[in-house]
Amino acid sequence: MCLAVARALLGPGVYNRLLAANLFGTKTVLLLAVVAVLSDRPEFLDLALAYALINFIGVLAVLEFVQSRALRRRLEDGHRLEDSKPESGPAPTTDRPE
Amino acid sequence: MNVQLLIDTASWILLLSGSAFVFLGGLGLLRMPDLYTRMHAASLTDTLGSLFILLGIMLQMDWTSSLAKLVAVIGFLLVTNPTATYALANAALLAGEKPRTAPAPEKP
Amino acid sequence: MTEVLGLYNYWVFAVVLALGLYTAAAAPNLVKKLMGLSIFQSAVFLLYITMDKVEGGTAPILRAGVGEQIYSNPLPQVLILTAIVVGISTLALGLAIVVRIKEEYGTIEEENIRDMDQS
Amino acid sequence: MILTVLGFLLLTLLVIVTGAIVRTANLFAAVVLLSLFSLLMAANFFLLDAADVALTEAAVGAGISTVLMLAALALTAETEKTASRLKWVAAGTVTALTLVLLYATLSIPRMGDPSAPVHQHVAPWYLQNTPHLIDIPNVVSAILASFRGYDTLGEVFVVFTAGIGVLFMLGMRRFPAGKRRIPPPQTLGLKHHLVPRTVGTFILPFIILFGLYVQFHGEHGPGGGFQAGAIMAAAFILYALLEGERRALDIVPPRVLMLLLASGAFLYGAVGVMCMLLGGNFLDYNVLAADPVAGQHLGIMLVELGVGVSVTGVLLSIYHAFAKREPA
């Protein structure tokens, strides 16, 4: 865990921190599970469950944030495709109304 | 009695190897040269590490509903963590983080 | 030794509180200020939850069939439990105000806003 | 012993992370670090025997606060630009305050001291009387919903008011009807990312199920309306992230959100008034059923439901208010 936090602090940049935070989330789940069993109250696994379920929403939000930012920049730059765009990247033109 | 000993041994082996994986993941996270390789190291913790540790805990427990909860935790971890890693890699790529070249240290 | 360990939580509370307060006071950016407030708030939560701990106790969820059992103090937990949710709602309110400021002034830096107000 | 050491370690990490948050000028990085901060906080709460609080922090901090912060950043700016002139004044004042606080800690009872004044007055009464007055295992829920029901009513109304405030600030504007322009980026969601979409769709029912479990199992284990509300809101936010704002608002339209927002708080108050009509005091659940204990059970369940609905409604409306807004 210390290592993860060290990476989170060292960076460099946002994404390394994010990776570290994500890893830290997993470790928190493990920690909660171990502590719940150690302190002999296994019903507190609920907490670990909550984390396991919810933790990745934050990362998805980051993806959404970055994606919309990249998209906005492209729109502002008049569709100059200077960003390296992955296959799975956003393609606003194919957005069909439903 | 013998069975008990066997279960204990197995659980300790699982717990220790799980901790080893978690530690290695952390080490890799710290030592690897760039984001994508670090991600690879981190996924070690996410999958093998957590799987082993939780299995080790499971062996120590009685047959209660908590056991089912642990199974659920394992299942969700194994499903959500790779997704999170995917989203992260995608976000980083979209934001222009280049693989395999040491990224210029953007000091916060 | 136990004295030191027992007070460590309070020291952490004091330092985190100070850092939060410093951010709220000195950060020029409004979003950063709100982050500082949120840290400040969390420090207070930590203080309350630290107070609820009783040595050898366990969480105040009564267990049947376990003879004598010490439970930690449930009262601070109730207060903080609600405070966390209230905290996030008020944080959202603050963020909403910041968003409106950004829309009106085009900036969320305190200095710039003040300059614009004076001119 | 090992738990004490662990707590020590976690607290140290907490301080370090806080320092990092304060120092970074990149707000995006600060948000990420803030989520780490919240994780550490929740782990600490758990180690300090506050399971319910840890669950709340988990439900709120892990998902919702990050999402809200990012939504706000998308609408404002990402980096801090200017440096404050008052920096040193503030630093000096805060340092002085810290020294005073540290000095003050020397005279308070150490953590876990059973003879500390906090543990003497009302708390033992609650612990002793919960079994026969209310008869639910979770004393925290009992105090929250029954013994100190007034407080909680107040809190719910604060949350409600904050939600209304955000709605006033940012409005629930409808999407522009004209089809001439490209939709704002936030409306797209993650439709083109197959992996998160599949996994999210798979996991979504489980989150909702878990939210319901936390809601209705809150009397027996850690949980209750506040946590459940946050978890449910997180589930719907996940849906909005995956499928885009528009789809999410089709599923839960603003009108329904308003209804949720209001009906939760209303339900809470209505239970109180109901008690009065049945001849008891406001929020005195004993009169709700023939048997006082059964009345308490019913009252707590209804009140927690009200809290859960209200919190879901508020958090979700707040999220939509942010996400629908277009960057200036």
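Here are some notes:
- Of all complete DSSP H helices in chain B, those with a Cα span along the helix axis of 30 Å or greater and a mean Kyte-Doolittle hydropathy of 0.5 or more are B:2-31, B:65-94.
- Debye log10 I(q)/I(0) at q = 0.06, 0.09 Å⁻¹ for the protein assembly as shown, Cα point scatterers: -0.31, -0.73
- Site pair D:ALA116 and B:LEU27 shows an inter-label distance of 3.9 nm when each label is modelled 7 Å from Cα along Cα→Cβ.
- The ranking of C:LYS33, D:LYS81 by Cβ neighbour count inside 10 Å, starting from the fewest, reads D:LYS81, C:LYS33.
- Ordering of C:71-82, D:151-162 by packing is C:71-82, D:151-162, highest average first (other Cβ atoms within 10 Å, averaged per residue).
- Each label was represented as a point 7 Å from its Cα along the Cα-to-Cβ direction; for B:SER17 and D:SER263 these points are 5.2 nm apart.
- Computed E for B:THR37/C:GLU103 - FRET, C-beta separation, R0 45 angstrom, nearest 0.05: 0.60
- Other residues with beta-carbon under 15 Å from the beta-carbon of C:TYR71 carry, at +1 per Lys or Arg and -1 per Asp or Glu, a net charge of -4.
- Highest average packing first - A:29-39, D:46-56, Cβ atoms within 10 Å: D:46-56, A:29-39
- Förster radius 35 Å - calculated FRET efficiency between C:ASN112 and D:THR12 (Cβ-Cβ, nearest 0.05): 0.40
- Legend: mean number of C-beta atoms from other chains within 10 angstrom of residue C-beta atoms, peptide D:146-154, equals 2.
- Exposure proxy order (Cβ contacts within 10 Å, fewest to most) of B:THR85, B:THR47, A:THR28: B:THR47, B:THR85, A:THR28
- Legend: mean number of C-beta atoms from other chains within 10 angstrom of residue C-beta atoms, peptide B:40-52, equals 3.
- 5 Å binning of all Cα-Cα separations within segment D:266-320, expressed as whole percents from 0 upward: 5, 23, 24, 19, 11, 8, 6, 3, 1
- Vicinal HN-Hα couplings computed from phi for segment A:43-55 (Karplus, 6.51 cos²θ - 1.76 cosθ + 1.60; Hz; Gly/Pro x): 5, 7, 5, 3, 5, 4, 4, 4, 5, 4, 7, 9, 4
- Gaussian network model of chain C, springs between alpha carbon atoms under 10 Å - residue of C:GLY94, C:GLY57, C:GLY20 with greatest fluctuation: C:GLY57
- A convex hull fitted around the alpha carbon atoms of chain D yields 181 Å³ per residue.
- Unit Cα scatterers, Debye sum, segment D:1-80: log10 I(q)/I(0) for q = 0.16 Å⁻¹: -0.64
- Each label was represented as a point 7 Å from its Cα along the Cα-to-Cβ direction; for B:LEU67 and D:VAL293 these points are 3.1 nm apart.
- Chain B: relative contact order in percent, alpha carbon pairs under 8 Å with at least 6 residues between: 31
- Within 10 Å of each Cβ in B:56-67, the average number of Cβ atoms from other chains: 3
Read-outs throughout are calculated quantities, based only on the coordinates presented, and are distinct from any laboratory measurement. What you see is a predicted model; the values in this text were computed from it and never measured. Note: ideal-geometry Cβ built from the backbone for every residue, glycine included; neighbour counts use all protein chains shown.
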